[in-house]
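Enquirer: Here's a structure for you.
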Amino acid sequence: MASSSARSGAAAAVTLTAAAALAALAWGTLIERTMWTLREVRVPVLPVGSAPIRVLHLSDLHMAPWQRDKQEWVRSLADLQPDLIVDTGDNLGHRDGIDGIRHAFERFAGIPGVFVNGSNDYYGPVVKNPLRYFAGPSKHTGRAEKLDTAALLEFFDSLGWVDLNNAAGSADIAGTHFEFFGVDDPHKKLDRPELIARAIDELRADDPLGDETWPDRGDAPASRATVSVGVTHAPYQRVLNSFVNHGAQLILAGHTHGGQVCVPGFGALVTNCDVPRKQVKGLSLWWHGMRNAYLNVSAGLGTSIYAPVRFACPPEATLLTLVPENER
């Protein structure tokens, strides 16, 4: 039989473990989940001699109407005076989430922007067993409520933002020409490679100045260097590889929540897609064959209302300062 002291030691260990778990849960649900963070990075993708360009990357707000603190923090980001906003989806987290998004984003009106949708821009959250994420990416359930996607798209259009869901677009920003292309949510298999390829071909055909070999056209510049940016909600490898094939120099994505619950010193436990765990958040290089692109995966600003916890992975927006290639 175990001695009295051994039983006491075991009981104390169990008590301490339970207390640590409760403390971690309290921290993750009450404190870290609302520790809004601005991550800043420099990305050397601009032509030599270009002026720096500030890109605000927003993702995964999973907005509910009562989340006023998050709305006010996002509104305050307009004070950064970004040159471009990129929204990588999952803006809605409740049937009335559009009200919170309107309040949070209205100060961005007039700032150039592009966006794609995530699954939670179409369907509301549902209760899920978190252990299932260890078996692979989450799957759609018929229990999910359909959200007012049309109202979200209409609002983004009123801001002047370009819809990149299986589409392409271009813009001149701070003296640099940008080519954007994006896909609808790959997590729900809404990405259409044939549509994005066609959109890019049409975009380039309509923009001969994007070809650096184009001859002089009087007062127009003889050539114009172009920065290509790919935008997706979920960073599945098939999409990232496709973007690199299409010439993307920078790719922006969200979806992963950075793992949402991480282990200090180890990192994310799950990614909810097939991106390598080491690239689940932050800036890295994505290689495909002999070519690469900078990849920024946002840890996002929200969580499902049914899983309101973050640990060792605070909510974030990203301010990317694009600089000339020779300023690595």
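The values are calculated or read from the model by the stated rules, or taken from the named source; none is laboratory data. Every value quoted in this text rests on a predicted model; they were computed, and no experiment measured them. For neighbour counting, all protein chains shown are included, and Cβ atoms are generated from backbone atoms with ideal geometry for every residue, glycine included. Side chains are part of the model used for accessible areas, which takes the heavy atoms of the whole protein and leaves out ligands, DNA and RNA. Shrake-Rupley method; radii C 1.70, N 1.55, O 1.52, S 1.80 Å.
Enquirer: Do any strands (runs of 3 or more DSSP E) entirely within region 276-326 hold 2 or more residues that are of a type outside the set (A, V, I, L, M), farther than 19 Å from Pro235 by Cβ and touching a residue at least 12 places away in the same chain (Cβ under 8 Å), and if so, which?
Expert: 316-324
Enquirer: Could you list, in sequence order, all residues of region 69-96 that are within 18 Å of the chain's Cα centre (by Cα) and under 22 Å from Pro308 (Cα atoms)?
Expert: The answer is Lys70, Gln71, Trp73, Val74, Arg75, Asp87, Thr88, Gly89, Asp90, Asn91, Leu92, Gly93.
Enquirer: Among the residues of region 257-275, how many are part of a loop (DSSP other than H, G, I, E, B) and open to solvent by less than 10 Å² (accessible area, probe 1.4 Å)?
Expert: 1
Enquirer: Determine the pairs where a residue that is closer than 23 Å to Phe178 by Cβ, located within region 86-112, has a partner that is open to solvent by 10 Å² or more (accessible area, probe 1.4 Å) and among the acidic types (Asp, Glu) with Cβ atoms under 8 Å apart, the partner being 6 or more residues away or on another chain.
Expert: If the second residue must be open to solvent by 10 Å² or more (accessible area, probe 1.4 Å) and among the acidic types (Asp, Glu), the pairs left are Ile111/Asp83; Pro112/Asp83.
Enquirer: While we're looking at this one, here's another question. Out of the residues in region 34-59 that are part of a loop (DSSP other than H, G, I, E, B) and under 24 Å from Cys313 (Cα atoms), which is farthest from the chain's Cα centre (by Cα)?
Expert: Filtering first and then ranking leaves Met35.
Enquirer: If you check Leu250 against the conditions, is it farther than 20 Å from Leu190 by Cα and either among the charged types (D, E, K, R) or surrounded by fewer than 21 Cβ atoms within 10 Å (Cβ to Cβ) (or both)?
Expert: no
Conditions tested, residue by residue: (1) at pLDDT 90 or above; (2) in contact with a Pro (Cβ under 8 Å, 6 or more places away or on another chain); (3) not in a helix (DSSP H, G or I).
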site	(1), (2), (3)
Leu190	yes, no, yes
Glu194	yes, no, no
Arg198	yes, no, no
Arg204	no, no, no
Pro215	no, no, yes
Arg224	no, no, yes
Val227	yes, yes, yes
